[in-house]
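K.L.:
Structure provided below as structure tokens; questions to follow.
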Amino acid sequence: MSGVVGVSGVSGVSPEGATAAGPGDGPPPDLTHERLKAYEGRPTAAAGVGKDLVNEPMIRHWCEAVGDTHPAYRGPDAIAPPTMLQAWTMGGLSGHADRSGAYDELSRLLDSAGYTSIVATDCEQEYLRPLRPGDRITFDSVIESVSERKTTKLGTGHFITTRMDIRADGEPAGTHRFRVLKYAPAARLPKTAERPQATGPARAAERPQAAEPSRAAEQRTAAEQRMSTAAEQRTAAEQRMSTAAEQPTAAEQRKTPERRTPLRPRPVINRDNAGFWEGVRGHRLLIQRCTGCRTLRFPWLPGCNACGSPEWDTVEASGAGTVFSYVVMHHPPFPAFTVPGQQADGAGPAAAAPGTAGPDAADPGAASPYAVGLIELAEGVRMVSNIVGIPYDKVRTGMPVRLEFLRADEELELPVFRVAEGGEG
């Protein structure tokens, strides 16, 4: 059971065949991968004990810090947020006295070879049971793997993965993997060398036009006008959002406090993406398009990554796509993700009508495990969404999928992707 959190902090990773950016002529000849691999399996902590029991104050502080108001984390039957898994094992400023020296020894060995910098790249957690106030946390930790020498944009080095197996009152509760890159920073050009020096008319054009203040003022005025127009459009969208938020829903009016069902966590809607969610409410998947260079982009952003222009319009996606990649998510059950009629295999019954999914449709969040896909749309951009209409263990990369809209509750619809007919085969 696994749920991956965090994203890679490095890019452009390549195996040792690539051009190295390491120190001097490379690592000492005795620093072989076999020597580094000898550290795999060595413990970094054995029979560690969490300094505190799982407790409500820490849960409350965590939820306040990250802005999570889910009711599952409050009340007499509260559980801890699953992503707090590592928090219960931390030693604080005083640290843990029962740590072994294997990790420090490996780190010093890499330091001696010139790999003196370190950056965390990603974290992976597996949740086996919910943690509740009063649970006593114990754990063991090992060096799980040391990679071969890799070259990244940051520099050349080795990825080190540690695995922590966590127990609650003696029962397996989860696994926490943490990966870092120990590397030698790549050589960087001085700032004066990063940009070719222009000469002649080109260089003159770059100099501030002190003699032409009126032209600069006109350019600023035009830019301010464009920004003002965009701000007015965002304000109108925000007013519509605010009005909708102030109105009590019919569902809320019908519910009594004793029987109110927790709502699905809401997406964060702001002035930069309000148009996207307006499109979803109208069963339209809108993609931003830069009006300067015509580049499509997703997710929505305030400016173009390609040319920097703040001007954009939208195109409506056809709804066709393929599974570019996917993960299978496992998490403890949450009332807010329960949808009547959901099948245990995650496939669920068929949607009520083409293009829409009613309350009894395949909601991948209603039962764990379920598949989350990186979908490549026919237009060329990619988006993350759930894959429905098929058991999670039948999902494969390259499968054709089709957009539909899942009604999570009476107020919220979400874009999801159903495997196209015949796609499973």
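K.L.:
Which ones in the range 301-334 are open to solvent by 30 Å² or more (accessible area, probe 1.4 Å) and free of Cβ contacts under 8 Å to residues at least 60 places away in the same chain?
P.N.:
Those that are open to solvent by 30 Å² or more (accessible area, probe 1.4 Å) and free of Cβ contacts under 8 Å to residues at least 60 places away in the same chain: LEU301, PRO302, ASN305, ALA306, CYS307, GLY308, TRP312, ASP313, THR314, GLU316, PRO333.
K.L.:
What number of residues within the range 168-179 are open to solvent by 60 Å² or more (accessible area, probe 1.4 Å) and part of a strand (DSSP E or B)?
P.N.:
Taking the range 168-179 and keeping what is open to solvent by 60 Å² or more (accessible area, probe 1.4 Å), we get 169, 171-172, 178-179.
Next, only the ones that are part of a strand (DSSP E or B) stay: 171-172, 178-179.
So the answer is 4.
K.L.:
Find all pairs meeting these conditions: Cβ atoms under 8 angstrom apart; at least six residues apart or on different chains; first residue within the range 396-409 and within 16 Å of PHE276 (Cα to Cα); second residue open to solvent by 50 Å² or more (accessible area, probe 1.4 Å) and assigned to a loop (DSSP other than H, G, I, E, B).
P.N.:
Every condition considered, the pairs that remain are GLU404/PRO354; PHE405/HIS283.
Rundown of residues vs (1) aromatic (Phe, Trp, Tyr); (2) at pLDDT below 90; (3) assigned to a helix (DSSP H, G or I), yes/no style:
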residue: MET1; (1), (2), (3): no, yes, no
residue: SER11; (1), (2), (3): no, yes, no
residue: ALA18; (1), (2), (3): no, yes, no
residue: PRO28; (1), (2), (3): no, yes, no
residue: TYR39; (1), (2), (3): yes, no, no
residue: GLY48; (1), (2), (3): no, yes, no
residue: ILE59; (1), (2), (3): no, no, yes
residue: CYS63; (1), (2), (3): no, no, yes
residue: HIS96; (1), (2), (3): no, yes, no
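K.L.:
Test ASP140 against the criterion of being touching an Asp or Glu at 6+ places or on another chain (Cβ under 8 Å) and open to solvent by less than 20 Å² (accessible area, probe 1.4 Å), and give yes or no.
P.N.:
On the way: touching an Asp or Glu at 6+ places or on another chain (Cβ under 8 Å): yes; open to solvent by less than 20 Å² (accessible area, probe 1.4 Å): no.
For ASP140, the condition - touching an Asp or Glu at 6+ places or on another chain (Cβ under 8 Å) and open to solvent by less than 20 Å² (accessible area, probe 1.4 Å) - is not met.
K.L.:
I'd like to check something: does the range 135-156 contain any residue that is in a strand (DSSP E or B) and on the phi > 0 side of the Ramachandran plot? I'd like the intermediate steps shown before the answer.
P.N.:
Taking the range 135-156 and keeping what is in a strand (DSSP E or B), we get 137-146, 150-151, 155-156.
Narrowing further to those that are on the phi > 0 side of the Ramachandran plot: 155.
Within the range 135-156, one or more residues are in a strand (DSSP E or B) and on the phi > 0 side of the Ramachandran plot.
K.L.:
Which numbered condition trips up PRO333, out of (1) modelled with pLDDT of 50 or more; (2) assigned to a loop (DSSP other than H, G, I, E, B); (3) more than 21 Å from the chain's Cα centre (by Cα); (4) over 28 Å from ILE287 (Cβ atoms)?
P.N.:
The number of the failed condition is (3).
K.L.:
Give the residue that is nearest to the chain's Cα centre (by Cα), with candidates limited to residues of the range 373-390 that are open to solvent by 30 Å² or more (accessible area, probe 1.4 Å) and farther than 20 Å from LEU296 by Cα.
P.N.:
Step one: filter the range 373-390 for residues open to solvent by 30 Å² or more (accessible area, probe 1.4 Å), giving 374, 376, 378-380, 382, 384, 386, 389.
Still in the running and farther than 20 Å from LEU296 by Cα: 386, 389.
Numbers: ASN386: 14, GLY389: 24 Å.
So the residue we want is ASN386.
K.L.:
I need the full set of residues from the range 399-422 which are more than 17 Å from VAL280 (Cα to Cα) and either in contact with a Pro (Cβ under 6 Å, 6 or more places away or on another chain) or open to solvent by 50 Å² or more (accessible area, probe 1.4 Å) (or both), in order please. Full working, then the answer.
P.N.:
First pass over the range 399-422, keeping only residues more than 17 Å from VAL280 (Cα to Cα): 399-401, 419-422.
Within the range 399-422, PRO400, ALA420, GLU421, GLY422 qualify.
The values are calculated or read from the model by the stated rules, or taken from the named source; none is laboratory data. The shown structure was predicted, so the numbers you read here are calculated from the model rather than taken from an experiment. So basically every Cβ, Gly included, is an ideal-geometry build from the backbone, and we count neighbours across all protein chains shown. These area figures cover heavy atoms from the full protein model, side chains too; ligands, DNA and RNA do not enter into them. Shrake-Rupley method; radii C 1.70, N 1.55, O 1.52, S 1.80 Å.
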